[in-house]
Amino acid sequence: MLFLPLLLTQYLQWIYNHWLELFGVVGSLLYIYLEVKQKSSMWIVGFITSTVYVVVFFQSKFYADSVLNVYYVAASVYGMYCWRFAQKSDDGAATERLIGRLTLPTGIVLAGISVALYVGMGYVLDNHTDSPVPYYDALAASLSFVATWMLARKILEHWILWIFINFFSSGLFAWRELYPTAGLFVVYGVMSIAGWFQWRQSSNNSQIR
(Lines give C-alpha, C1' and ligand atoms only; values in the text may rest on other atoms or scores of the structure.)
Protein backbone atom coordinates (compact mmCIF):
# COMPACT_ATOMS: atom_id res chain seq x y z
CA MET A 1 0.00 0.00 0.00
CA LEU A 2 2.93 2.32 0.59
CA PHE A 3 3.94 1.92 -3.04
CA LEU A 4 1.07 4.01 -4.45
CA PRO A 5 1.64 7.09 -2.23
CA LEU A 6 5.35 6.92 -3.05
CA LEU A 7 4.62 6.66 -6.77
CA LEU A 8 2.17 9.56 -6.56
CA THR A 9 4.74 11.66 -4.71
CA GLN A 10 7.38 10.94 -7.35
CA TYR A 11 4.91 11.76 -10.11
CA LEU A 12 3.95 15.08 -8.53
CA GLN A 13 7.62 15.89 -7.98
CA TRP A 14 8.34 15.16 -11.64
CA ILE A 15 5.50 17.47 -12.70
CA TYR A 16 6.84 20.18 -10.38
CA ASN A 17 10.34 19.84 -11.87
CA HIS A 18 9.05 19.90 -15.45
CA TRP A 19 6.06 22.25 -15.22
CA LEU A 20 7.56 24.82 -17.59
CA GLU A 21 8.28 22.17 -20.22
CA LEU A 22 4.76 20.75 -19.82
CA PHE A 23 3.29 24.23 -20.27
CA GLY A 24 5.32 24.55 -23.46
CA VAL A 25 4.06 21.18 -24.68
CA VAL A 26 0.41 22.13 -24.22
CA GLY A 27 0.91 25.51 -25.87
CA SER A 28 2.84 23.96 -28.75
CA LEU A 29 0.08 21.43 -29.44
CA LEU A 30 -2.39 24.28 -29.65
CA TYR A 31 0.02 26.15 -31.93
CA ILE A 32 0.37 23.39 -34.50
CA TYR A 33 -3.39 22.72 -34.47
CA LEU A 34 -3.99 26.38 -35.31
CA GLU A 35 -1.26 26.18 -37.97
CA VAL A 36 -2.93 23.23 -39.70
CA LYS A 37 -6.21 25.18 -39.62
CA GLN A 38 -4.47 28.30 -41.01
CA LYS A 39 -5.53 30.46 -38.05
CA SER A 40 -3.44 33.60 -37.61
CA SER A 41 -3.97 33.39 -33.83
CA MET A 42 -1.28 30.67 -33.93
CA TRP A 43 1.33 33.44 -33.95
CA ILE A 44 0.18 34.72 -30.55
CA VAL A 45 0.39 31.22 -29.08
CA GLY A 46 3.76 30.75 -30.80
CA PHE A 47 5.11 33.92 -29.22
CA ILE A 48 4.29 32.63 -25.73
CA THR A 49 5.47 29.04 -26.18
CA SER A 50 8.68 30.09 -27.91
CA THR A 51 9.54 32.30 -24.96
CA VAL A 52 9.02 29.30 -22.66
CA TYR A 53 11.24 27.05 -24.76
CA VAL A 54 14.09 29.58 -24.77
CA VAL A 55 14.44 28.73 -21.08
CA VAL A 56 13.74 24.99 -21.37
CA PHE A 57 16.33 24.37 -24.10
CA PHE A 58 18.97 26.57 -22.49
CA GLN A 59 18.68 24.63 -19.25
CA SER A 60 19.08 21.35 -21.21
CA LYS A 61 22.13 22.68 -23.10
CA PHE A 62 20.39 22.69 -26.49
CA TYR A 63 21.87 26.10 -27.15
CA ALA A 64 21.07 26.26 -30.86
CA ASP A 65 17.44 25.42 -30.12
CA SER A 66 17.37 28.03 -27.37
CA VAL A 67 18.66 30.71 -29.76
CA LEU A 68 16.29 29.41 -32.42
CA ASN A 69 13.35 30.06 -30.10
CA VAL A 70 14.49 33.65 -29.67
CA TYR A 71 14.17 33.82 -33.45
CA TYR A 72 10.73 32.18 -33.19
CA VAL A 73 9.60 34.97 -30.87
CA ALA A 74 10.55 37.57 -33.47
CA ALA A 75 9.18 35.41 -36.29
CA SER A 76 5.81 35.29 -34.52
CA VAL A 77 5.52 39.06 -34.85
CA TYR A 78 6.63 38.93 -38.49
CA GLY A 79 4.31 36.01 -39.26
CA MET A 80 1.29 37.81 -37.82
CA TYR A 81 2.09 40.81 -39.99
CA CYS A 82 2.52 38.70 -43.14
CA TRP A 83 -0.66 36.69 -42.60
CA ARG A 84 -2.93 39.56 -41.56
CA PHE A 85 -1.62 42.80 -43.03
CA ALA A 86 1.06 42.37 -45.72
CA GLN A 87 -1.19 41.12 -48.53
CA LYS A 88 -3.63 43.57 -50.12
CA SER A 89 -6.85 43.04 -52.04
CA ASP A 90 -7.65 44.89 -55.27
CA ASP A 91 -9.18 47.78 -53.34
CA GLY A 92 -6.04 48.15 -51.20
CA ALA A 93 -7.48 46.65 -48.01
CA ALA A 94 -5.52 44.09 -46.01
CA THR A 95 -6.62 40.53 -46.69
CA GLU A 96 -5.71 37.04 -45.43
CA ARG A 97 -2.58 35.73 -47.15
CA LEU A 98 -3.17 32.91 -49.64
CA ILE A 99 -1.09 29.73 -49.72
CA GLY A 100 1.91 30.06 -52.03
CA ARG A 101 4.31 27.58 -53.62
CA LEU A 102 8.09 27.44 -53.42
CA THR A 103 9.79 28.70 -56.56
CA LEU A 104 13.12 27.36 -57.82
CA PRO A 105 15.09 30.61 -57.26
CA THR A 106 13.73 30.93 -53.72
CA GLY A 107 14.46 27.25 -53.05
CA ILE A 108 18.09 27.67 -54.14
CA VAL A 109 18.54 30.71 -51.89
CA LEU A 110 16.96 28.95 -48.91
CA ALA A 111 19.11 25.86 -49.47
CA GLY A 112 22.23 28.06 -49.43
CA ILE A 113 21.08 29.78 -46.24
CA SER A 114 20.41 26.39 -44.61
CA VAL A 115 23.90 25.12 -45.39
CA ALA A 116 25.55 28.34 -44.19
CA LEU A 117 23.57 28.30 -40.94
CA TYR A 118 24.32 24.61 -40.38
CA VAL A 119 28.07 25.03 -40.84
CA GLY A 120 28.21 28.20 -38.76
CA MET A 121 26.05 26.92 -35.91
CA GLY A 122 27.78 23.56 -35.87
CA TYR A 123 31.22 25.15 -35.64
CA VAL A 124 30.21 27.52 -32.83
CA LEU A 125 28.45 24.80 -30.83
CA ASP A 126 31.30 22.35 -31.31
CA ASN A 127 34.08 24.75 -30.37
CA HIS A 128 32.52 27.23 -27.94
CA THR A 129 29.83 25.35 -25.98
CA ASP A 130 29.42 22.10 -24.10
CA SER A 131 26.64 20.91 -26.42
CA PRO A 132 26.72 17.08 -26.53
CA VAL A 133 25.44 16.92 -30.13
CA PRO A 134 26.58 20.16 -31.79
CA TYR A 135 26.05 19.27 -35.44
CA TYR A 136 22.77 17.41 -34.89
CA ASP A 137 21.52 20.39 -32.91
CA ALA A 138 22.70 22.72 -35.67
CA LEU A 139 20.96 20.68 -38.38
CA ALA A 140 17.57 20.87 -36.70
CA ALA A 141 18.04 24.55 -35.88
CA SER A 142 19.17 25.63 -39.36
CA LEU A 143 16.30 23.84 -41.11
CA SER A 144 13.82 25.17 -38.57
CA PHE A 145 15.04 28.70 -39.22
CA VAL A 146 14.22 28.36 -42.91
CA ALA A 147 10.97 26.46 -42.38
CA THR A 148 9.67 29.17 -40.03
CA TRP A 149 10.35 31.88 -42.61
CA MET A 150 8.50 29.78 -45.21
CA LEU A 151 5.58 29.42 -42.79
CA ALA A 152 5.47 33.19 -42.24
CA ARG A 153 5.25 33.58 -46.02
CA LYS A 154 2.62 30.79 -46.07
CA ILE A 155 4.59 28.59 -48.49
CA LEU A 156 3.09 25.11 -48.78
CA GLU A 157 6.40 23.23 -48.90
CA HIS A 158 7.39 24.31 -45.40
CA TRP A 159 5.52 21.21 -44.21
CA ILE A 160 8.05 18.94 -45.92
CA LEU A 161 10.84 20.43 -43.84
CA TRP A 162 8.82 20.18 -40.63
CA ILE A 163 8.07 16.49 -41.18
CA PHE A 164 11.80 15.74 -41.20
CA ILE A 165 12.70 18.22 -38.45
CA ASN A 166 10.05 17.01 -36.03
CA PHE A 167 10.84 13.29 -36.19
CA PHE A 168 14.59 13.98 -36.16
CA SER A 169 14.29 16.32 -33.17
CA SER A 170 12.15 13.82 -31.27
CA GLY A 171 15.08 11.42 -31.17
CA LEU A 172 17.43 14.13 -29.92
CA PHE A 173 15.11 15.21 -27.13
CA ALA A 174 14.49 11.63 -26.02
CA TRP A 175 18.26 11.14 -25.81
CA ARG A 176 18.47 14.18 -23.51
CA GLU A 177 15.57 12.79 -21.43
CA LEU A 178 13.17 15.57 -22.41
CA TYR A 179 10.45 12.97 -22.79
CA PRO A 180 7.39 15.28 -22.88
CA THR A 181 9.05 17.35 -25.59
CA ALA A 182 10.16 14.22 -27.46
CA GLY A 183 6.58 12.98 -27.44
CA LEU A 184 5.40 16.41 -28.53
CA PHE A 185 7.65 16.30 -31.57
CA VAL A 186 6.31 12.89 -32.57
CA VAL A 187 2.84 14.43 -32.51
CA TYR A 188 4.27 17.38 -34.43
CA GLY A 189 5.54 15.00 -37.09
CA VAL A 190 2.17 13.31 -37.49
CA MET A 191 0.34 16.65 -37.57
CA SER A 192 2.86 17.99 -40.09
CA ILE A 193 1.88 15.18 -42.44
CA ALA A 194 -1.78 16.06 -41.89
CA GLY A 195 -0.96 19.75 -42.39
CA TRP A 196 0.71 19.05 -45.71
CA PHE A 197 -2.38 17.28 -47.06
CA GLN A 198 -4.82 19.84 -45.66
CA TRP A 199 -2.91 22.85 -46.97
CA ARG A 200 -2.46 21.21 -50.36
CA GLN A 201 -6.18 20.51 -50.56
CA SER A 202 -6.94 24.06 -49.48
CA SER A 203 -4.59 25.47 -52.12
CA ASN A 204 -6.29 23.36 -54.80
CA ASN A 205 -9.65 24.81 -53.80
CA SER A 206 -8.55 28.43 -53.90
CA GLN A 207 -6.40 30.79 -55.90
CA ILE A 208 -2.69 30.15 -55.33
CA ARG A 209 -0.54 33.25 -55.13
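The values are calculated or read from the model by the stated rules, or taken from the named source; none is laboratory data. Worth saying up front: this structure is predicted, and the values here are computed from it rather than measured. Heads up, the Cβs are rebuilt from the backbone with ideal geometry, glycines too, and the neighbour counts pull from every protein chain shown.
Give the stretch 154-181 a look and list any residue that's under 21 Å from ALA138 (Cβ atoms), without any contact (Cβ under 8 Å) to a residue 24 or more places away in the chain and surrounded by fewer than 19 Cβ atoms within 10 Å (Cβ to Cβ), or say none.
The answer is PHE164, PHE167, GLY171, ALA174, GLU177.
Taking interchain pairs and intrachain pairs at least six residues apart, which have beta carbon atoms under 6 angstrom, with the first residue in the stretch 105-129 and within 17 Å of SER66 (Cα to Cα) and the second not in a helix (DSSP H, G or I)?
Listed by first residue and then by second, the contacts come to LEU125/SER131.
Return the residue satisfying two criteria in turn: it lies in the stretch 193-209 and is within 18 Å of the chain's Cα centre (by Cα) and of a type in the set (Gly, Ala, Ser), and of such residues it is surrounded by the fewest Cβ atoms within 10 Å (Cβ to Cβ).
Top of the filtered list is ALA194.
Name, by its number, the condition in (1) surrounded by fewer than 20 Cβ atoms within 10 Å (Cβ to Cβ); (2) closer than 18 Å to ILE44 by Cα; (3) modelled with pLDDT of 90 or more that does not hold for LEU151.
(1)
Only one of VAL190, VAL119 is surrounded by fewer than 17 Cβ atoms within 10 Å (Cβ to Cβ), of a type in the set (A, V, I, L, M), over 17 Å from the mean Cα position of the chain (by Cα) and part of a helix (DSSP H, G or I); which?
Result: VAL119 is the single residue among VAL190, VAL119 that is surrounded by fewer than 17 Cβ atoms within 10 Å (Cβ to Cβ), of a type in the set (A, V, I, L, M), over 17 Å from the mean Cα position of the chain (by Cα) and part of a helix (DSSP H, G or I).
Could you list all residues from the stretch 43-89 that are in a helix (DSSP H, G or I) and free of Cβ contacts under 8 Å to residues at least 24 places away in the same chain?
Passing the criteria: VAL45, ILE48, THR51, VAL54, PHE57, PHE58, GLN59, SER66, ASN69, VAL70, ALA74, TYR81.
Can you tell me how many residues within the stretch 171-186 are under 12 Å from the mean Cα position of the chain (by Cα) and modelled with pLDDT of 85 or more?
So the answer is 1.
Look through SER76, SER28, SER50 and report the one residue that is surrounded by 18 or more Cβ atoms within 10 Å (Cβ to Cβ) and modelled with pLDDT under 90.
None of the other options fit; the residue is SER28.
For the stretch 164-185, enumerate the residues that are touching a Phe, Trp or Tyr at 6+ places or on another chain (Cβ under 7 Å) and among the β-branched types (Val, Ile, Thr).
Matches in the stretch 164-185: THR181 only.
Looking only at the stretch 103-114, which residues are among the aliphatic types (A, V, I, L, M) and surrounded by 11 or more Cβ atoms within 10 Å (Cβ to Cβ)?
Listed by number, the residues that qualify are VAL109, LEU110, ALA111, ILE113.
Kindly indicate the residue of the stretch 91-131 that is of a type in the set (Ser, Thr, Tyr) and modelled with pLDDT under 90 and also farthest from ILE155 (Cα to Cα) among those meeting that condition.
By that ranking, first place goes to THR129.
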